[in-house]
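**Q** Below is the structure I would like to discuss, written out as structure tokens.
The values are calculated or read from the model by the stated rules, or taken from the named source; none is laboratory data. Model, not experiment: these values are computed from the prediction. Quick reminder, even Gly has a Cβ in these numbers, built from the backbone with ideal geometry, and neighbours come from all protein chains shown.
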Amino acid sequence: MSDFDINQFKIKLEPLYETQSNEVELYTAAYNAKLPVMVKGPTGCGKSRFIEHMAHKLDKPIITVSCNEDITASDLIGRFLLDTNGTRWVDGPLTLAARHGAICYLDEIVEARQDTMVVIHSLTDHRRELMLDKKGELVKAHSDFQLVISYNPGYQSLMKDLKQSTKQRFTGMDFDYANAELEASIVVKESGVDTNIATKLVKLAHATRNLVGHGLDEGASTRLLNYAGTLIALGVGVKDACNMALICPITDDAEIRTTMSGAIDAIFD
Amino acid sequence: MQSLIKSSLDSMADQHQSLNCSFNTVQRVFAANIEQATQKLSEQSLIEYYKGAEFLAKIGQGDALSIAFLKIMPWVGEFYGDGSIQKIVDFTYQKISRTPNKGAVEPFLNSFIDVVEHTNNAQLDEYLDLIEYHLSKTTFSVHGIHDTHTSPSLIAILTNMHLLLEQLEFEGIYEWINYGLKYFQDHPERQEEYFSLSSADSKAVFQRQRKGLLFSDVEREINLFQRALWKTDFMYAPYSPNFEKLEHLHPYLEDSVIRLPDIYEPLNGIDACKRYMALVAHLIVHHQFTTKIVADNVSPQQRFFTEIFEDARVEYLAIQIYPGLKNLWLSLIPIVDEFDCDDKHQSCLRHRAIMLTRALLDKNHPYKNQIILDYVEKFKALMSAEETRTLDSLSLGLGYLIKTRSASDTLASIYFENTEVTYRDDNRSMWLFIEEFDEEDNIFEHQKRSEDDEEGIEVIPPHYYDEWDYAYESYKPDWAAVYERLHSHTNASKIEQILDKHSTLVKQLKKVLDLLKPQNKKRLRYQEEGAELDLDIALRSVIDIKNGSPQPDTRINVDFEHDSRSVSVLLLLDLSESLNEVVEQSGQTILELSQEAVSLLAWAVEQLGDNFAIAGFNSDTRKKVMYYHIKGYNEHWDDAVKARLADLKAEFSTRMGAAIRHGAHYLDLQQSDKKLMLILTDGEPADIDVHDSKILIQDTHKAVQEAQQKGMYPYCISLDKKADEYIADIFGSHYSVIDRIESLPQELPKLFLSLTK
Ligand SMILES: Nc1ncnc2c1ncn2[C@@H]1O[C@H](COP(=O)(O)OP(=O)(O)O)[C@@H](O)[C@H]1O
Ligand SMILES: [Mg+2]
């Protein structure tokens, strides 16, 4: 156990991140104080990218857990597995991060069932410790350990929302899609299309974002724009690429698709 | 005297054979038309022409028939060829003149003006068959005496032939006729009303047969389109050009409402939906970039050209943002032949205008005219400036008119063909009339108001729903007009008091609710992955391993699953007059009891977090079914909602089918696994314009079935003691009757909870 190398979780190459405002300073301050951070914002607007970028900048390992409905407390903490000698304890990602000192990033936390998340409580207050009750061990968090969660408020439904008692344990940082110019420059850098195409892709994304609440839960994300740009850079026709990367993934509604194909025709000549 | 006239007529027509007819009036018309007839008709047809005119003067219907005949038949004979005139004469005599429908002969002959225009030259028989069909079905015999009664509607249908042939195919006309026959064969007055296209249902059936795509079929797409590209949400008021009786009505945007044609056919390869997009885009960019300018000192011709530059200017600006609009618009702007208009004999104003229109937008335009080219340059220069204004369009417009003005501009004969840009509006929004009284506007305003009812806030046009007619086993199309409104409101505190009054009940409900809340977990054993080790199973596996079993069971965990609720609920309240009745036991009206019950239910559902809406309805004939939104799906149980619920009023009747259809429309849009529609009513469906009570019962039954087919679960809570007589016919087994009305506040929430457990 002691020869476990947490440094394998360090990010080697600097992830490209275009700063939107003073988020780098804010996050650095929170990290230095080891305050838990909640990054809020729509899907694909750069939350994860930002945290990776910061982990690299601060030169700390980062362990990311993508949450989903089936995730359980043991998936985070660890569990006994069977082997030929009986059973063997294996640390979960949360325990690993706490024990060895890493940023633990729980991505899309609302996707997990709320009762699962109760396990993080003791790590987020002054105690900074984690009880492995099945194993009978109390893990004191390493001084480099920090907990970060991401959360998409647009997703909110009465069934799927963070408990107040969970929310109140985090500092919050709001993220949104970058402004049109910045977003276009991200697309240029990430996908290799020219500024003209990138600007139009961003316009199309804005068109989809205008439909949120009118048949769309979320508009097209920066991530999808990058996909579309990548396809175009590879020689796929612009309209096909938009349909494949921007429209098809976000809606099955035939009427919205008709509208969006009208919008594509209006934006690209 | 007479012989004098005759001889002079003879000399006028002397190179032609004379017409053997004693009416001077006929002779005069003959003289005026024979020249044309000789030019148009073959020798054979000309003989038919003479014979027909002479014959029709002798069958005892005076001179009118021959006069109409002489005027129209040259075109008919020319178009349909030899034998056609004779055929029409025979038909006239045998099928119309010798029947009680004599009076229809003249309109019949006159109808050929339009028939020639809207049919092809092989369709004469088809037209005659159509008339014969209508005639035979509407000229009815009583007690076996044949053809004794005049067709009440033949003249009416003949007079509307231009509309019918212009807008419908023959097949569609038959459909429209058959509908009228089915309902009004035995009802002369209504039959006439129907066939003169003046009743609402006649228009509705007509509309349905029209060629093209109805706006209502793409309304949502267009709505989303304006929202996606401009974040606007203008409403629409579609018009049917022919019923508005306003010639050349153009689209326009005024008071946040877009007026547009209710139907479009594809044009130049642009499908109807795209045409609507082109139209809406043009209107919105006007809204964005056009500022009103004073019109009083600007002549109509000056305005005309100013508008062309302004249209081009706003479109240019829009294209900077959405370049793809250019191709869309260009495909809808006609190209004319530069030298097609002869400005010696006709006004070329529109011809010049359409060329300019094209040239301003299309850099590959075909025109060589130097003035056009100059103004395209001027326009380009203007648009390269940082900022442009509507006034700049005015100066370009004035200048262009001065350069191109021609004496023939005012001629009555105007070059019109292919000069209309259908997606563009009439630009009324760019002019400010300070002094002039704009008559046209006012007539229109007036008409719009009188269509609406007294409240004058009917900006949202009604939704029309079909209604089921059990006797004919078919739907009556667009029969019921449903108007939706936000319910009026008053002080929300009334609802708080109600909840206080029922505080014990509220406590009881809380317990039930807790059980229903989605924390409930189900245990799932035999999981590969899970929350906990399932010791029993795990031990068994360990033993298997120790015993050297090659394949121990790896499904050794237990997991837990949520019993999650994904429910949308619509509570639909009957708000008809009868709810004002006082319930003896409690001294409250049914309405007050409903209000209490709904408050409790709404509170309970809010606790559960189900997606929940409340609406009320009543009706005053099929023309006015009111649908009131009390709580929207997206709203919380807050003061705004309570204030509306506090103001419930009961009036009018209960056209339940239409209300269910409208409610279902919205419930269907909700994204949840289960969709429940609760209908709270105190009686059977009824309305004052329906006398056979079975009609609305059967229609409601249909509406319920329609909702069920879409996956909804309609359920009725009836307060009518006599409900057993009819309610199962409507809702099958999905209903409960609450006998003790005063217990409704307790019963309703419980019923809901048990339905959704
Ligand atoms: N500010 C940014 N700088 C660089 N890339 C960005 C930025 N914002 C978004 N992106 C791009 O968007 C994609 C999705 O971002 P991601 O961080 O995965 O979204 P989220 O975590 O918010 O769902 C990234 O892969 C990246 O290409
Ligand atoms: Mg215009």
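**Q** Can you run down the residue pairs with Cβ atoms below 7 Å, 6 or more apart or on separate chains, where the first is in the stretch B:132-157 and aromatic (Phe, Trp, Tyr) and the partner is modelled with pLDDT under 90?
**A** B:140/B:149
**Q** When residues of the stretch B:731-757 are filtered for being in contact (Cβ under 8 Å) with a residue 60 or more places away in the chain and assigned to a helix (DSSP H, G or I), how many remain?
**A** 13
**Q** Of the residues B:258, B:293, B:319, which single one is in contact with a Leu (Cβ under 9 Å, 6 or more places away or on another chain), within 16 Å of ligand 2 (Cβ to nearest atom) and at pLDDT below 90?
**A** B:293
**Q** Select, from A:231, A:225, A:201, the only residue that is crowded, with 19+ Cβ neighbours inside 10 Å, under 19 Å from the mean Cα position of the chain (by Cα) and farther than 29 Å from residue A:61 by Cβ.
**A** It is A:225.
**Q** With the condition being at pLDDT 95 or above, I'd like the strands (runs of 3 or more DSSP E) fully within the stretch A:20-111 carrying at least 1 qualifying residues.
**A** Correct list: A:37-40, A:62-66, A:103-107.
**Q** May I ask you to list pairs of residues, at least six apart or on different chains, whose Cβ atoms are under 8 Å apart, with the first in the stretch A:251-268 being more than 9 Å from chain B (Cβ to nearest Cβ) and outside any helix (DSSP H, G or I) and the second being surrounded by fewer than 18 Cβ atoms within 10 Å (Cβ to Cβ) and of a type in the set (Lys, Arg)?
**A** Within 8 Å, the pairs are A:251/A:257.
**Q** Sticking with this one: If you take the residues in the stretch A:129-169 that are basic (Lys, Arg) and touching a strand residue (DSSP E or B) at 6+ places or on another chain (Cβ under 6 Å), which one is modelled with the highest pLDDT? Before the answer, list the steps.
**A** Going residue by residue through the stretch A:129-169, those that are basic (Lys, Arg) are A:134-135, A:140, A:160, A:163, A:167, A:169.
Imposing the further condition that a residue be touching a strand residue (DSSP E or B) at 6+ places or on another chain (Cβ under 6 Å) reduces the set to A:135, A:140.
Numbers: A:135: 85, A:140: 95.
My answer is A:140.
**Q** Being away from chain B (no Cβ under 14 Å) and among the β-branched types (Val, Ile, Thr) is the filter; apply it to the stretch A:186-198 and report the residue that is surrounded by the fewest Cβ atoms within 10 Å (Cβ to Cβ).
**A** That would be A:195.
**Q** Moving to a separate point now. Given the options B:415, B:375, name the one that is within 19 Å of residue B:336 (Cα to Cα), of a type outside the set (S, T, N, Q) and over 39 Å from the mean Cα position of the chain (by Cα).
**A** B:375
**Q** Going through the stretch B:215-224 one residue at a time, which ones are more than 10 Å from chain A (Cβ to nearest Cβ) and either over 15 Å from the mean Cα position of the chain (by Cα) or among the aromatic types (Phe, Trp, Tyr) (or both)?
**A** Of everything in the stretch B:215-224, just one residue is more than 10 Å from chain A (Cβ to nearest Cβ) and either over 15 Å from the mean Cα position of the chain (by Cα) or among the aromatic types (Phe, Trp, Tyr) (or both), namely B:215.
**Q** What is the one condition in (1) among the acidic types (Asp, Glu); (2) closer than 24 Å to residue B:318 by Cβ; (3) surrounded by fewer than 20 Cβ atoms within 10 Å (Cβ to Cβ) that residue A:183 does not satisfy?
**A** Of everything listed in (1) among the acidic types (Asp, Glu); (2) closer than 24 Å to residue B:318 by Cβ; (3) surrounded by fewer than 20 Cβ atoms within 10 Å (Cβ to Cβ), residue A:183 misses just condition (3).
**Q** Return yes when residue A:207 is of a type in the set (A, V, I, L, M) and more than 10 Å from chain B (Cβ to nearest Cβ) and no when it is not.
**A** Spelling it out, it is not the case that residue A:207 is of a type in the set (A, V, I, L, M) and more than 10 Å from chain B (Cβ to nearest Cβ).
**Q** Turning to a different aspect of this structure: Check the stretch A:185-198 and report whether any residue there is in contact with a Leu (Cβ under 8 Å, 6 or more places away or on another chain), within 16 Å of ligand 1 (Cβ to nearest atom) and charged (D, E, K, R).
**A** Yes; the residues of the stretch A:185-198 include at least one that is in contact with a Leu (Cβ under 8 Å, 6 or more places away or on another chain), within 16 Å of ligand 1 (Cβ to nearest atom) and charged (D, E, K, R).
Table: residues versus (1) more than 11 Å from every other protein chain (Cβ to nearest Cβ); (2) in contact with a helix residue (DSSP H, G or I) (Cβ under 6 Å, 6 or more places away or on another chain).
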| position | (1), (2) |
| --- | --- |
| B:277 | no, yes |
| B:300 | yes, no |
| B:321 | no, no |
| B:324 | no, yes |
| B:328 | no, yes |
| B:342 | yes, no |
| B:347 | yes, yes |
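**Q** Something else: Return yes when residue B:373 is in contact (Cβ under 8 Å) with a residue 12 or more places away in the chain, loosely packed, with under 15 Cβ neighbours inside 10 Å, closer than 30 Å to residue B:226 by Cα and away from chain A (no Cβ under 14 Å) and no when it is not.
**A** No.
**Q** Would you mind telling me which numbered condition in (1) surrounded by 12 or more Cβ atoms within 10 Å (Cβ to Cβ); (2) in a loop (DSSP other than H, G, I, E, B) residue B:472 fails?
**A** (1)
**Q** A further question follows. Could you list, in sequence order, all residues of the stretch A:71-90 that are more than 10 Å from chain B (Cβ to nearest Cβ) and of a type in the set (Val, Ile, Thr)?
**A** A:77, A:90
**Q** Here are the criteria: (1) more than 13 Å from every other protein chain (Cβ to nearest Cβ); (2) away from ligand 1 (no atom under 16 Å from the Cβ); (3) out of contact with any His (no Cβ under 9 Å at 6 or more places or on another chain); (4) under 21 Å from residue A:150 (Cα atoms). Tell me which single one residue A:110 does not satisfy.
**A** (2)
**Q** Name the residue that is surrounded by the most Cβ atoms within 10 Å (Cβ to Cβ), counting only residues in the stretch A:14-61 that are away from ligand 1 (no atom under 13 Å from the Cβ) and of a type in the set (Gly, Ala, Ser).
**A** Looking at the filtered set, the residue picked out is A:30.
**Q** Can I ask one more? Just checking, does the stretch B:323-345 include any residue being more than 16 Å from ligand 1 (Cβ to nearest atom) and farther than 27 Å from residue B:417 by Cβ?
**A** First pass over the stretch B:323-345, keeping only residues more than 16 Å from ligand 1 (Cβ to nearest atom): B:323-345.
Narrowing the set further to residues that are farther than 27 Å from residue B:417 by Cβ leaves B:323-324.
There is at least one residue in the stretch B:323-345 that is more than 16 Å from ligand 1 (Cβ to nearest atom) and farther than 27 Å from residue B:417 by Cβ.
**Q** Under 8 Å by Cβ, and 6 or more places apart or on different chains, what pairs join a residue from the stretch B:415-426 that is away from every other protein chain (no Cβ under 14 Å) and within 12 Å of residue B:251 (Cβ to Cβ) with one that is of a type in the set (A, V, I, L, M) and within 9 Å of ligand 2 (Cβ to nearest atom)?
**A** Final answer for the pair search is B:425/B:283.
**Q** Can I ask one more? Quick test of your reading of the structure: residue B:334 fulfils all but one of (1) more than 17 Å from residue B:405 (Cβ to Cβ); (2) more than 30 Å from the chain's Cα centre (by Cα); (3) away from chain A (no Cβ under 13 Å). Name the failing condition by number.
**A** Just one mismatch for residue B:334, condition (2).
**Q** Could you say which residue among B:227, B:259, B:313 is crowded, with 19+ Cβ neighbours inside 10 Å, away from every other protein chain (no Cβ under 14 Å) and without any contact (Cβ under 8 Å) to a residue 40 or more places away in the chain?
**A** Checking each option against the conditions leaves just B:259.
**Q** Is it fair to say residue B:281 is crowded, with 17+ Cβ neighbours inside 10 Å, over 30 Å from residue B:166 (Cα atoms) and either small (Gly, Ala, Ser) or away from ligand 2 (no atom under 16 Å from the Cβ) (or both)?
**A** no
**Q** Residues that are within 25 Å of residue B:488 (Cα to Cα) and either in contact with a Leu (Cβ under 6 Å, 6 or more places away or on another chain) or away from chain A (no Cβ under 11 Å) (or both): list the strands (runs of 3 or more DSSP E) wholly contained in the stretch B:540-633 that include at least 3 such residues.
**A** Result: B:567-574, B:611-619, B:625-631.
**Q** Sort out which residues of the stretch B:642-660 are buried (at least 24 other Cβ atoms within 10 Å of the Cβ) and either free of Cβ contacts under 8 Å to residues at least 40 places away in the same chain or assigned to a helix (DSSP H, G or I) (or both), and write them in order of number.
**A** Selection gives B:642, B:645, B:656, B:657, B:658, B:659, B:660.
**Q** Can we say residue A:240 is within 11 Å of chain B (Cβ to nearest Cβ) and either buried (at least 18 other Cβ atoms within 10 Å of the Cβ) or within 25 Å of residue B:218 (Cβ to Cβ) (or both)?
**A** no
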